[in-house]
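Colleague: One structure, pasted below without further comment.
The values are calculated or read from the model by the stated rules, or taken from the named source; none is laboratory data. Remember, it's a predicted structure, so these values are computed and weren't measured experimentally. Counting neighbours? That spans all protein chains shown, and the Cβs are built from the backbone with ideal geometry, glycine included. Accessible surface is based on the protein model in full, side chains and every heavy atom, while ligands, DNA and RNA are left aside. Shrake-Rupley method; radii C 1.70, N 1.55, O 1.52, S 1.80 Å.
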Amino acid sequence: MQTILQDFGLLAGFWMTIKLTFWSAIFSLVIGTFVAVMRLSPVGMLRQVGTAYVTLLRNTPLTLIILFCSIGIYGQLGIVLAGRDAPGGFIDTNNFRLAILGLSVYHAAFVCEAIRSGVNTIPIGQAEAARSIGLTFGQSLREIILPQAFRGAITPLGNTLIALTKNTTIAAAIGVAETALVMKNVAEFDPGLLWTAFGLIAAGFVLLTVPMGLLTSHFAHKLAVRR
Amino acid sequence: MTDTPAPERREPGRPLVVLDHVNKHFGELHVLQDIDLTVHEGEVVVVIGPSGSGKSTLCRTINRLESFESGSITIDGQELPEEGKALAQLRADVGMVFQSFNLFSHKTILENVTLGPIKARGVKPADAKKRAMELLERVGVAHQAAKYPAQLSGGQQQRVAIARSLAMDPRVMLFDEPTSALDPEMINEVLDVMTQLAHSGMTMIVVTHEMGFARKAADRVVFMSDGAIVEENTPEEFFTNPQSARAKDFLGKILTH
(Lines give C-alpha, C1' and ligand atoms only; values in the text may rest on other atoms or scores of the structure.)
Protein backbone atom coordinates (compact mmCIF):
# COMPACT_ATOMS: atom_id res chain seq x y z
CA MET A 1 0.00 0.00 0.00
CA GLN A 2 2.86 2.30 0.87
CA THR A 3 4.30 1.48 -2.56
CA ILE A 4 1.15 2.55 -4.36
CA LEU A 5 0.66 5.72 -2.36
CA GLN A 6 4.29 6.86 -2.50
CA ASP A 7 6.20 5.10 -5.28
CA PHE A 8 3.37 5.13 -7.79
CA GLY A 9 2.25 8.54 -6.58
CA LEU A 10 -1.39 7.78 -5.79
CA LEU A 11 -1.62 10.56 -3.21
CA ALA A 12 -0.18 13.01 -5.71
CA GLY A 13 -2.64 11.57 -8.23
CA PHE A 14 -5.58 12.38 -5.99
CA TRP A 15 -4.20 15.85 -5.38
CA MET A 16 -4.14 16.25 -9.17
CA THR A 17 -7.75 15.02 -9.36
CA ILE A 18 -8.74 17.66 -6.83
CA LYS A 19 -6.91 20.42 -8.71
CA LEU A 20 -8.45 19.39 -12.03
CA THR A 21 -11.90 19.27 -10.45
CA PHE A 22 -11.50 22.60 -8.70
CA TRP A 23 -10.41 24.62 -11.72
CA SER A 24 -12.72 22.86 -14.16
CA ALA A 25 -15.68 23.41 -11.82
CA ILE A 26 -14.99 27.14 -11.70
CA PHE A 27 -14.43 27.55 -15.42
CA SER A 28 -17.38 25.35 -16.41
CA LEU A 29 -19.63 27.32 -14.06
CA VAL A 30 -18.55 30.59 -15.67
CA ILE A 31 -18.82 29.30 -19.25
CA GLY A 32 -22.04 27.41 -18.52
CA THR A 33 -23.68 30.49 -17.01
CA PHE A 34 -22.60 32.53 -20.01
CA VAL A 35 -24.07 29.97 -22.44
CA ALA A 36 -27.27 29.76 -20.36
CA VAL A 37 -27.66 33.54 -20.59
CA MET A 38 -27.23 33.26 -24.37
CA ARG A 39 -29.92 30.60 -24.51
CA LEU A 40 -32.28 32.78 -22.45
CA SER A 41 -31.63 36.00 -24.33
CA PRO A 42 -34.25 37.68 -26.49
CA VAL A 43 -31.75 37.76 -29.41
CA GLY A 44 -32.38 34.84 -31.75
CA MET A 45 -28.81 34.70 -33.00
CA LEU A 46 -27.38 34.33 -29.47
CA ARG A 47 -29.93 31.66 -28.64
CA GLN A 48 -28.86 29.67 -31.69
CA VAL A 49 -25.19 29.92 -30.82
CA GLY A 50 -25.95 28.79 -27.28
CA THR A 51 -28.03 25.86 -28.50
CA ALA A 52 -25.36 24.85 -30.98
CA TYR A 53 -22.73 24.93 -28.23
CA VAL A 54 -24.72 22.65 -25.94
CA THR A 55 -25.68 20.25 -28.73
CA LEU A 56 -22.12 19.95 -29.96
CA LEU A 57 -20.28 19.67 -26.64
CA ARG A 58 -22.81 17.59 -24.74
CA ASN A 59 -23.00 14.96 -27.45
CA THR A 60 -19.28 14.59 -28.08
CA PRO A 61 -17.29 12.00 -26.09
CA LEU A 62 -15.13 13.67 -23.45
CA THR A 63 -12.11 11.58 -24.47
CA LEU A 64 -12.38 13.03 -27.96
CA ILE A 65 -12.55 16.58 -26.60
CA ILE A 66 -9.53 16.08 -24.32
CA LEU A 67 -7.54 14.46 -27.11
CA PHE A 68 -8.52 17.29 -29.42
CA CYS A 69 -7.24 19.79 -26.87
CA SER A 70 -3.88 18.04 -26.83
CA ILE A 71 -3.46 16.86 -30.41
CA GLY A 72 -5.50 19.56 -32.15
CA ILE A 73 -5.04 22.73 -30.16
CA TYR A 74 -1.47 22.10 -29.03
CA GLY A 75 -0.14 19.56 -31.56
CA GLN A 76 -1.63 20.92 -34.78
CA LEU A 77 -2.38 24.56 -34.05
CA GLY A 78 0.59 25.05 -31.78
CA ILE A 79 -1.42 26.99 -29.20
CA VAL A 80 0.22 26.70 -25.78
CA LEU A 81 -1.35 27.44 -22.40
CA ALA A 82 1.86 27.52 -20.40
CA GLY A 83 5.18 29.31 -20.58
CA ARG A 84 8.22 27.36 -21.81
CA ASP A 85 9.81 27.87 -18.41
CA ALA A 86 6.70 27.02 -16.34
CA PRO A 87 7.68 25.96 -12.78
CA GLY A 88 6.09 22.52 -13.04
CA GLY A 89 7.76 21.82 -16.37
CA PHE A 90 6.33 22.96 -19.70
CA ILE A 91 4.79 19.69 -20.90
CA ASP A 92 3.12 18.84 -17.58
CA THR A 93 1.76 22.34 -17.01
CA ASN A 94 0.54 22.63 -20.59
CA ASN A 95 -1.20 19.25 -20.48
CA PHE A 96 -2.73 20.08 -17.12
CA ARG A 97 -4.20 23.28 -18.51
CA LEU A 98 -5.35 21.68 -21.74
CA ALA A 99 -7.14 19.04 -19.66
CA ILE A 100 -8.85 21.77 -17.65
CA LEU A 101 -9.86 23.45 -20.91
CA GLY A 102 -11.41 20.25 -22.25
CA LEU A 103 -13.14 19.38 -18.98
CA SER A 104 -14.48 22.94 -18.64
CA VAL A 105 -15.97 23.35 -22.10
CA TYR A 106 -17.53 19.89 -21.90
CA HIS A 107 -19.10 20.27 -18.47
CA ALA A 108 -20.19 23.84 -19.25
CA ALA A 109 -22.83 22.33 -21.54
CA PHE A 110 -24.24 20.39 -18.58
CA VAL A 111 -23.99 23.40 -16.28
CA CYS A 112 -25.92 25.43 -18.86
CA GLU A 113 -28.70 22.87 -18.95
CA ALA A 114 -28.75 22.63 -15.15
CA ILE A 115 -29.20 26.40 -14.92
CA ARG A 116 -31.93 26.29 -17.53
CA SER A 117 -33.72 23.64 -15.49
CA GLY A 118 -33.38 26.04 -12.55
CA VAL A 119 -34.91 28.81 -14.63
CA ASN A 120 -37.88 26.54 -15.31
CA THR A 121 -38.62 26.42 -11.58
CA ILE A 122 -39.26 30.18 -11.61
CA PRO A 123 -42.86 31.31 -12.23
CA ILE A 124 -43.18 33.55 -15.29
CA GLY A 125 -44.67 36.25 -13.06
CA GLN A 126 -41.24 36.88 -11.49
CA ALA A 127 -39.84 38.01 -14.83
CA GLU A 128 -42.97 40.00 -15.63
CA ALA A 129 -42.81 41.80 -12.30
CA ALA A 130 -39.13 42.59 -12.91
CA ARG A 131 -39.97 44.06 -16.29
CA SER A 132 -42.94 45.96 -14.92
CA ILE A 133 -40.80 47.89 -12.43
CA GLY A 134 -38.55 48.98 -15.27
CA LEU A 135 -35.61 46.60 -14.98
CA THR A 136 -33.77 45.95 -18.24
CA PHE A 137 -33.20 42.40 -19.48
CA GLY A 138 -29.72 42.32 -17.95
CA GLN A 139 -30.95 43.65 -14.61
CA SER A 140 -33.81 41.14 -14.50
CA LEU A 141 -31.33 38.33 -15.11
CA ARG A 142 -28.86 39.49 -12.47
CA GLU A 143 -31.34 40.47 -9.79
CA ILE A 144 -34.25 38.11 -10.22
CA ILE A 145 -33.79 35.22 -12.65
CA LEU A 146 -30.25 33.92 -12.12
CA PRO A 147 -30.24 34.08 -8.29
CA GLN A 148 -33.43 32.03 -8.20
CA ALA A 149 -32.26 29.77 -11.02
CA PHE A 150 -29.00 28.86 -9.23
CA ARG A 151 -30.88 28.06 -6.07
CA GLY A 152 -33.30 25.89 -8.00
CA ALA A 153 -30.44 24.22 -9.88
CA ILE A 154 -28.31 23.11 -6.92
CA THR A 155 -29.21 19.44 -7.28
CA PRO A 156 -28.44 19.13 -11.02
CA LEU A 157 -25.33 21.31 -10.55
CA GLY A 158 -24.19 18.95 -7.78
CA ASN A 159 -24.72 15.98 -10.08
CA THR A 160 -22.61 17.70 -12.72
CA LEU A 161 -19.86 18.34 -10.15
CA ILE A 162 -19.80 14.67 -9.16
CA ALA A 163 -19.67 13.61 -12.80
CA LEU A 164 -16.86 16.13 -13.38
CA THR A 165 -14.84 14.77 -10.47
CA LYS A 166 -14.92 11.27 -11.89
CA ASN A 167 -14.44 12.44 -15.47
CA THR A 168 -11.11 14.02 -14.55
CA THR A 169 -9.69 10.47 -14.92
CA ILE A 170 -9.88 11.00 -18.67
CA ALA A 171 -7.07 13.54 -18.36
CA ALA A 172 -4.79 10.48 -18.13
CA ALA A 173 -5.32 10.14 -21.89
CA ILE A 174 -3.05 13.13 -22.42
CA GLY A 175 -0.57 12.18 -19.73
CA VAL A 176 -1.82 14.19 -16.78
CA ALA A 177 -0.60 12.36 -13.71
CA GLU A 178 -3.88 11.75 -11.96
CA THR A 179 -5.31 8.56 -10.49
CA ALA A 180 -6.14 6.76 -13.74
CA LEU A 181 -2.54 7.16 -14.89
CA VAL A 182 -1.36 5.77 -11.54
CA MET A 183 -3.72 2.83 -12.08
CA LYS A 184 -2.29 2.22 -15.52
CA ASN A 185 1.24 2.30 -14.17
CA VAL A 186 0.43 -0.14 -11.38
CA ALA A 187 -1.16 -2.53 -13.87
CA GLU A 188 1.89 -2.29 -16.08
CA PHE A 189 4.75 -2.43 -13.57
CA ASP A 190 3.42 -4.19 -10.48
CA PRO A 191 0.32 -6.27 -11.34
CA GLY A 192 0.40 -7.92 -7.93
CA LEU A 193 -0.86 -4.68 -6.41
CA LEU A 194 -3.71 -4.37 -8.90
CA TRP A 195 -6.56 -5.16 -6.53
CA THR A 196 -5.23 -2.90 -3.83
CA ALA A 197 -4.89 -0.06 -6.35
CA PHE A 198 -8.43 -0.61 -7.61
CA GLY A 199 -9.78 -0.57 -4.08
CA LEU A 200 -7.85 2.51 -3.01
CA ILE A 201 -8.81 4.53 -6.05
CA ALA A 202 -12.48 3.56 -5.80
CA ALA A 203 -12.47 4.43 -2.09
CA GLY A 204 -10.72 7.72 -2.80
CA PHE A 205 -13.38 8.77 -5.28
CA VAL A 206 -16.18 7.77 -2.95
CA LEU A 207 -14.49 9.84 -0.27
CA LEU A 208 -14.42 12.84 -2.60
CA THR A 209 -17.90 12.59 -4.09
CA VAL A 210 -20.06 11.45 -1.17
CA PRO A 211 -19.58 14.74 0.71
CA MET A 212 -20.44 16.58 -2.51
CA GLY A 213 -23.73 14.72 -2.67
CA LEU A 214 -24.47 15.40 0.99
CA LEU A 215 -23.62 19.09 0.71
CA THR A 216 -25.73 19.35 -2.43
CA SER A 217 -28.78 17.90 -0.69
CA HIS A 218 -28.20 20.11 2.33
CA PHE A 219 -27.95 23.33 0.36
CA ALA A 220 -30.69 22.41 -2.11
CA HIS A 221 -33.00 22.20 0.88
CA LYS A 222 -31.61 25.13 2.82
CA LEU A 223 -31.47 27.59 -0.08
CA ALA A 224 -34.72 26.53 -1.77
CA VAL A 225 -36.76 29.59 -2.71
CA ARG A 226 -39.98 29.51 -0.71
CA ARG A 227 -42.97 30.49 -2.81
CA MET B 1 -75.73 49.92 -1.64
CA THR B 2 -77.59 53.23 -1.93
CA ASP B 3 -76.01 54.55 1.26
CA THR B 4 -72.58 54.74 -0.38
CA PRO B 5 -72.06 58.36 -1.29
CA ALA B 6 -71.17 58.88 -4.93
CA PRO B 7 -67.48 59.77 -5.23
CA GLU B 8 -66.69 63.33 -6.02
CA ARG B 9 -66.37 63.73 -9.74
CA ARG B 10 -62.99 65.14 -10.55
CA GLU B 11 -62.42 67.32 -13.54
CA PRO B 12 -60.72 65.09 -16.06
CA GLY B 13 -57.10 66.05 -16.61
CA ARG B 14 -55.24 65.75 -19.87
CA PRO B 15 -55.20 62.43 -21.72
CA LEU B 16 -52.53 60.18 -20.15
CA VAL B 17 -53.07 56.73 -21.61
CA VAL B 18 -54.46 56.63 -25.12
CA LEU B 19 -55.21 53.43 -27.02
CA ASP B 20 -56.02 53.98 -30.65
CA HIS B 21 -57.45 51.14 -32.77
CA VAL B 22 -55.43 48.48 -30.97
CA ASN B 23 -55.71 44.97 -32.38
CA LYS B 24 -54.24 41.74 -31.11
CA HIS B 25 -54.66 38.06 -31.90
CA PHE B 26 -53.76 34.93 -29.98
CA GLY B 27 -53.55 32.66 -33.00
CA GLU B 28 -57.05 32.61 -34.47
CA LEU B 29 -58.57 34.39 -31.49
CA HIS B 30 -59.04 38.13 -31.96
CA VAL B 31 -58.50 39.09 -28.30
CA LEU B 32 -58.38 42.85 -28.73
CA GLN B 33 -60.67 44.21 -31.41
CA ASP B 34 -60.07 47.77 -32.46
CA ILE B 35 -59.76 49.06 -28.92
CA ASP B 36 -60.09 52.83 -28.45
CA LEU B 37 -59.66 54.02 -24.90
CA THR B 38 -58.50 57.27 -23.38
CA VAL B 39 -57.68 57.51 -19.70
CA HIS B 40 -57.15 61.00 -18.34
CA GLU B 41 -54.78 62.07 -15.63
CA GLY B 42 -56.28 61.36 -12.22
CA GLU B 43 -59.02 59.19 -13.63
CA VAL B 44 -59.95 55.79 -12.22
CA VAL B 45 -61.22 53.42 -14.89
CA VAL B 46 -62.58 50.02 -13.96
CA VAL B 47 -62.62 47.40 -16.68
CA ILE B 48 -65.12 44.61 -16.17
CA GLY B 49 -66.47 41.80 -18.29
CA PRO B 50 -66.81 38.05 -18.49
CA SER B 51 -63.67 35.94 -18.33
CA GLY B 52 -62.00 35.63 -21.69
CA SER B 53 -63.28 39.03 -22.74
CA GLY B 54 -59.75 40.38 -23.17
CA LYS B 55 -59.68 42.72 -20.17
CA SER B 56 -56.50 41.25 -18.65
CA THR B 57 -54.84 41.26 -22.06
CA LEU B 58 -55.79 44.91 -22.43
CA CYS B 59 -54.19 45.69 -19.10
CA ARG B 60 -51.01 43.77 -19.96
CA THR B 61 -50.77 45.32 -23.41
CA ILE B 62 -50.63 48.81 -21.94
CA ASN B 63 -47.17 48.17 -20.51
CA ARG B 64 -46.25 45.79 -23.30
CA LEU B 65 -46.12 42.59 -21.34
CA GLU B 66 -48.14 41.58 -24.39
CA SER B 67 -47.37 42.80 -27.87
CA PHE B 68 -50.06 44.01 -30.25
CA GLU B 69 -50.31 43.98 -34.01
CA SER B 70 -51.84 47.25 -35.11
CA GLY B 71 -52.95 50.55 -33.67
CA SER B 72 -51.03 52.62 -31.17
CA ILE B 73 -50.72 53.05 -27.43
CA THR B 74 -49.30 56.27 -26.04
CA ILE B 75 -48.47 57.17 -22.47
CA ASP B 76 -48.53 60.94 -21.99
CA GLY B 77 -48.24 61.39 -25.75
CA GLN B 78 -45.24 59.09 -26.01
CA GLU B 79 -45.54 55.98 -28.17
CA LEU B 80 -44.66 52.69 -26.48
CA PRO B 81 -41.13 51.75 -27.54
CA GLU B 82 -40.64 48.30 -29.08
CA GLU B 83 -37.97 46.91 -26.76
CA GLY B 84 -34.82 47.69 -24.87
CA LYS B 85 -33.91 50.46 -22.47
CA ALA B 86 -36.54 52.93 -23.66
CA LEU B 87 -39.27 50.39 -22.96
CA ALA B 88 -37.79 49.64 -19.54
CA GLN B 89 -37.83 53.35 -18.72
CA LEU B 90 -41.43 53.66 -19.81
CA ARG B 91 -42.44 50.61 -17.80
CA ALA B 92 -40.88 52.25 -14.76
CA ASP B 93 -43.52 54.98 -15.16
CA VAL B 94 -46.37 52.49 -15.39
CA GLY B 95 -47.07 50.58 -12.18
CA MET B 96 -48.49 47.08 -12.44
CA VAL B 97 -50.18 44.97 -9.80
CA PHE B 98 -50.74 41.33 -10.71
CA GLN B 99 -53.37 38.82 -9.73
CA SER B 100 -50.69 36.51 -8.29
CA PHE B 101 -48.75 39.35 -6.54
CA ASN B 102 -45.43 38.25 -8.10
CA LEU B 103 -43.29 39.55 -5.28
CA PHE B 104 -39.66 38.56 -5.76
CA SER B 105 -39.55 35.34 -3.73
CA HIS B 106 -35.84 35.45 -2.86
CA LYS B 107 -35.86 39.03 -1.62
CA THR B 108 -37.23 40.51 1.61
CA ILE B 109 -40.30 42.72 1.62
CA LEU B 110 -38.09 45.79 1.97
CA GLU B 111 -35.79 44.68 -0.87
CA ASN B 112 -38.83 44.08 -3.07
CA VAL B 113 -39.84 47.71 -2.65
CA THR B 114 -36.36 49.26 -2.94
CA LEU B 115 -35.09 47.23 -5.92
CA GLY B 116 -36.85 49.21 -8.65
CA PRO B 117 -35.93 52.68 -7.37
CA ILE B 118 -32.28 51.66 -6.84
CA LYS B 119 -31.78 49.77 -10.12
CA ALA B 120 -34.12 51.49 -12.56
CA ARG B 121 -34.07 55.02 -11.15
CA GLY B 122 -30.63 55.22 -9.57
CA VAL B 123 -31.98 56.30 -6.19
CA LYS B 124 -29.47 56.05 -3.31
CA PRO B 125 -30.11 52.90 -1.23
CA ALA B 126 -30.60 54.89 1.99
CA ASP B 127 -33.19 57.16 0.36
CA ALA B 128 -34.93 54.22 -1.30
CA LYS B 129 -35.15 52.46 2.03
CA LYS B 130 -36.61 55.48 3.78
CA ARG B 131 -39.25 55.92 1.10
CA ALA B 132 -40.00 52.18 1.05
CA MET B 133 -40.63 52.17 4.79
CA GLU B 134 -43.05 55.11 4.38
CA LEU B 135 -44.93 53.24 1.67
CA LEU B 136 -45.00 49.99 3.66
CA GLU B 137 -46.33 52.00 6.58
CA ARG B 138 -49.01 53.44 4.33
CA VAL B 139 -50.20 49.99 3.20
CA GLY B 140 -49.91 48.65 6.75
CA VAL B 141 -47.11 46.08 6.45
CA ALA B 142 -44.10 48.05 7.69
CA HIS B 143 -43.61 45.63 10.60
CA GLN B 144 -43.07 42.78 8.10
CA ALA B 145 -40.26 44.54 6.20
CA ALA B 146 -37.56 42.00 7.05
CA LYS B 147 -39.64 38.94 6.14
CA TYR B 148 -39.82 37.06 2.87
CA PRO B 149 -42.96 37.08 0.69
CA ALA B 150 -43.87 33.45 1.44
CA GLN B 151 -44.16 34.37 5.15
CA LEU B 152 -46.95 36.88 4.48
CA SER B 153 -50.64 36.33 3.83
CA GLY B 154 -51.97 36.93 0.33
CA GLY B 155 -53.56 40.21 1.31
CA GLN B 156 -50.30 41.44 2.84
CA GLN B 157 -48.34 40.34 -0.21
CA GLN B 158 -50.67 42.22 -2.51
CA ARG B 159 -50.36 45.36 -0.41
CA VAL B 160 -46.59 45.04 -0.62
CA ALA B 161 -46.94 44.68 -4.40
CA ILE B 162 -48.87 47.95 -4.46
CA ALA B 163 -46.13 49.60 -2.39
CA ARG B 164 -43.51 48.20 -4.78
CA SER B 165 -45.30 49.87 -7.69
CA LEU B 166 -45.81 53.12 -5.82
CA ALA B 167 -42.10 53.29 -4.99
CA MET B 168 -41.46 54.00 -8.68
CA ASP B 169 -43.73 57.08 -8.52
CA PRO B 170 -45.70 55.82 -11.50
CA ARG B 171 -47.79 58.08 -13.72
CA VAL B 172 -50.48 55.44 -13.94
CA MET B 173 -51.16 52.18 -12.11
CA LEU B 174 -52.53 49.07 -13.77
CA PHE B 175 -54.32 46.47 -11.63
CA ASP B 176 -54.86 43.08 -13.23
CA GLU B 177 -57.53 41.37 -11.10
CA PRO B 178 -55.70 42.28 -7.88
CA THR B 179 -58.12 40.50 -5.55
CA SER B 180 -59.01 37.40 -7.56
CA ALA B 181 -56.40 35.19 -5.91
CA LEU B 182 -57.24 36.30 -2.37
CA ASP B 183 -59.24 34.61 0.34
CA PRO B 184 -62.49 36.51 0.91
CA GLU B 185 -61.46 37.95 4.27
CA MET B 186 -58.39 39.56 2.71
CA ILE B 187 -60.08 41.24 -0.22
CA ASN B 188 -61.16 44.33 1.68
CA GLU B 189 -57.74 45.17 3.08
CA VAL B 190 -56.46 45.38 -0.51
CA LEU B 191 -59.50 47.24 -1.82
CA ASP B 192 -59.17 49.77 1.02
CA VAL B 193 -55.62 50.57 -0.05
CA MET B 194 -56.76 50.87 -3.65
CA THR B 195 -59.66 53.14 -2.70
CA GLN B 196 -57.31 55.42 -0.74
CA LEU B 197 -55.04 55.51 -3.74
CA ALA B 198 -57.94 56.40 -6.04
CA HIS B 199 -58.98 59.25 -3.75
CA SER B 200 -55.41 60.52 -3.61
CA GLY B 201 -55.62 61.28 -7.32
CA MET B 202 -53.66 58.37 -8.79
CA THR B 203 -54.53 57.50 -12.37
CA MET B 204 -55.71 53.89 -12.28
CA ILE B 205 -56.86 51.24 -14.71
CA VAL B 206 -58.36 48.39 -12.73
CA VAL B 207 -59.47 45.05 -14.10
CA THR B 208 -61.67 43.57 -11.42
CA HIS B 209 -64.79 41.66 -10.51
CA GLU B 210 -65.32 43.79 -7.42
CA MET B 211 -68.43 45.76 -8.26
CA GLY B 212 -68.40 47.46 -4.85
CA PHE B 213 -65.00 48.95 -5.63
CA ALA B 214 -66.21 50.05 -9.06
CA ARG B 215 -69.15 51.87 -7.50
CA LYS B 216 -67.09 53.42 -4.73
CA ALA B 217 -63.92 54.47 -6.48
CA ALA B 218 -64.34 54.45 -10.25
CA ASP B 219 -64.93 57.50 -12.39
CA ARG B 220 -65.82 55.32 -15.34
CA VAL B 221 -66.67 51.70 -16.02
CA VAL B 222 -65.56 50.07 -19.24
CA PHE B 223 -67.40 46.88 -20.10
CA MET B 224 -65.60 44.43 -22.39
CA SER B 225 -66.93 41.36 -24.08
CA ASP B 226 -65.33 39.11 -26.71
CA GLY B 227 -62.32 41.38 -27.13
CA ALA B 228 -64.24 44.58 -27.72
CA ILE B 229 -65.30 47.52 -25.58
CA VAL B 230 -69.07 47.22 -25.59
CA GLU B 231 -70.06 49.97 -23.22
CA GLU B 232 -68.55 52.82 -21.19
CA ASN B 233 -70.32 54.83 -18.56
CA THR B 234 -70.22 56.21 -15.05
CA PRO B 235 -70.56 53.42 -12.47
CA GLU B 236 -73.97 54.67 -11.37
CA GLU B 237 -75.37 54.69 -14.90
CA PHE B 238 -73.71 51.44 -15.88
CA PHE B 239 -74.95 49.42 -12.93
CA THR B 240 -78.46 50.83 -12.81
CA ASN B 241 -79.08 51.33 -16.49
CA PRO B 242 -76.86 49.19 -18.72
CA GLN B 243 -77.45 49.84 -22.40
CA SER B 244 -76.20 46.75 -24.25
CA ALA B 245 -77.76 43.31 -24.07
CA ARG B 246 -74.40 41.74 -23.19
CA ALA B 247 -73.88 44.10 -20.25
CA LYS B 248 -77.41 43.43 -19.02
CA ASP B 249 -76.81 39.71 -19.29
CA PHE B 250 -73.45 39.95 -17.46
CA LEU B 251 -74.82 42.11 -14.65
CA GLY B 252 -77.84 39.86 -14.35
CA LYS B 253 -75.56 36.92 -13.75
CA ILE B 254 -73.31 38.51 -11.15
CA LEU B 255 -75.68 40.76 -9.24
CA THR B 256 -78.48 38.32 -8.47
CA HIS B 257 -76.80 37.01 -5.31
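Colleague: Based on the Cβ-Cβ distance from A:SER217 to A:ASN120, what FRET efficiency comes out when R0 is 25 Å, to the nearest 0.05?
Modeller: Once the sixth-power term is evaluated, E becomes 0.80.
Colleague: Around B:VAL207, what is the net charge, scoring Lys/Arg as +1 and Asp/Glu as -1 over all other residues with Cβ under 9 Å from its Cβ? All intermediate terms of the calculation are to be shown ahead of the outcome.
Modeller: Working: positive: B:LYS55; negative: B:ASP176, B:GLU177.
Residues near B:VAL207 contribute -1 overall.
Colleague: So for region B:134-223, averaging the separation of alpha carbon pairs under 8 Å that are six or more residues apart and normalising by length, what relative contact order in percent results?
Modeller: RCO, region B:134-223: 28 percent.
Colleague: In addition: Residue by residue through B:92-99, how many Cβ atoms from other chains fall within 10 Å of the Cβ on average?
Modeller: Working: counts 4, 1, 3, 3, 5, 2, 4, 1.
What the average comes to for B:92-99 is 3.
Colleague: Within 10 Å of each Cβ in peptide B:103-110, how many partner chain Cβ atoms are there on average? Round it to a whole number, please.
Modeller: Mean partner shielding for this stretch: 5.
Colleague: Right, here's the next one. Could you work out the relative contact order of region A:16-178, using alpha carbon pairs under 8 angstrom and six or more residues apart, expressed as a whole percent?
Modeller: Value for region A:16-178: 34 percent.
Colleague: Are there residues in region A:123-143 whose accessible area shrinks by at least 10 Å² when all protein chains are included rather than the chain by itself, and which are they (probe 1.4 Å, ligands and nucleic acids not counted)?
Modeller: SASA drop of 10 Å² or more in region A:123-143: A:GLY125, A:GLN126, A:GLU128, A:ALA129, A:ARG131, A:SER132, A:ILE133, A:GLY134, A:LEU135, A:THR136, A:GLN139, A:GLU143.
Colleague: Strictly over 25 Å apart at the Cα level, which of B:LYS216/B:LYS248; B:LYS85/B:LYS130; B:LYS129/B:LYS216; B:LYS107/B:LYS130 would you flag in this model?
Modeller: B:LYS85/B:LYS130; B:LYS129/B:LYS216
Colleague: Okay, moving on. On average, how many beta carbons from a partner chain sit within 10 Å of the beta carbon of a residue in B:163-170?
Modeller: 2
Colleague: Same structure, new question: State, as an integer percentage, the relative contact order of chain B based on alpha-carbon contacts under 8 Å between residues 6 or more apart.
Modeller: 26 percent
Colleague: Let me know the shape class of region A:16-178, please: from the alpha-carbon gyration tensor, a ≥ b ≥ c as square roots of the eigenvalues, rounded when a/c is under 1.5, otherwise prolate if a/b is greater than b/c, or oblate.
Modeller: Judged from the Cα gyration tensor, region A:16-178 comes out prolate (a/c at least 1.5, a/b above b/c).
Colleague: Ranked from highest to lowest mean number of other Cβ atoms within 10 Å per residue, what is the order of the peptides B:131-140, B:76-85?
Modeller: Per-residue Cβ counts within 10 Å, averaged per peptide and sorted highest first, yield B:131-140, B:76-85.
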